[in-house]
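Notes for the one structure printed next.
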Amino acid sequence: MDEFERYSARTLGPESVARMRELIDAPNGFQRETWYPDEVFDAQVAYYGNQTGRTAPEILEDFAEAMVPGLLEVYGFVIDPNWTVLDFLENTEKIIHRGVRLYSPRARPPAIKAERIAPDEVAIIYNSPRRLCMVAKGIIRGAGTSYGADLDLIEDRCMLRGDSECYIRVRERAVAAPPPDPE
């Protein structure tokens, strides 16, 4: 909740955040380690959508992408500095979500399974009754940006299309070598 307020302040301005707080009856804002019902977050996203004309999935994916640098800062102590972006994604559940649960015991990150299926590809299986796979995709994109990697996301299955889980393949694109100097 507090992270979404910071995102909203950066993108809509502080006046808009004050109005959002009034409308969802949270005059003092949100505290980092406090748990809030999903309905409060849904109200924040709905307000943001009313202000911007964007859909909830668009907002949530953009928000998740934008919050990655802050997450890496907070949970950086559990991230191996030698990891690539694919290593990071492969270890999200095992390392990162464990850190999230320790830091915020009432947090409910989704169960994610990730496995390396090729040297340049990780498969991520997302399954949550909250069906917020767009947040997972935003975090994947944000991780790519933070690591300076170009990623392709291929959604083979999606809960929002009626599948029982989301299956997202993340492939790191090879960076083309610059052309040789003609001299």
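Values in this text are rule-based calculations from the coordinates and carry no lab data. Nothing here was measured: the structure is a model prediction, and the numbers come from that model.
For this structure, a couple of remarks:
- Taking amide H positions as modeled 1.01 Å from N, with prolines and chain starts lacking one, the residues under 5 Å from C158 and 5 or more places away or on another chain are D163, Y167.
- Short to long, the 10 Å bins of the Cα pair-distance histogram for region 64-174 hold 15, 50, 31, 4 percent of all pairs.
- Hz values of 3J(HN,Hα) by residue in region 55-72 - Karplus curve (6.51, -1.76, 1.60), Gly and Pro given as x: 7, 4, x, 4, 4, 5, 5, 5, 4, 4, 4, 5, 8, 4, x, x, 5, 5
- Using 0.36 nm per residue and subtracting the Cα-Cα separation, the extra length available between I117 and I79 on full extension is 11.6 nm.
- Amide proton proximity set for N91, modelled H, under 5 Å, gap of 5+: none
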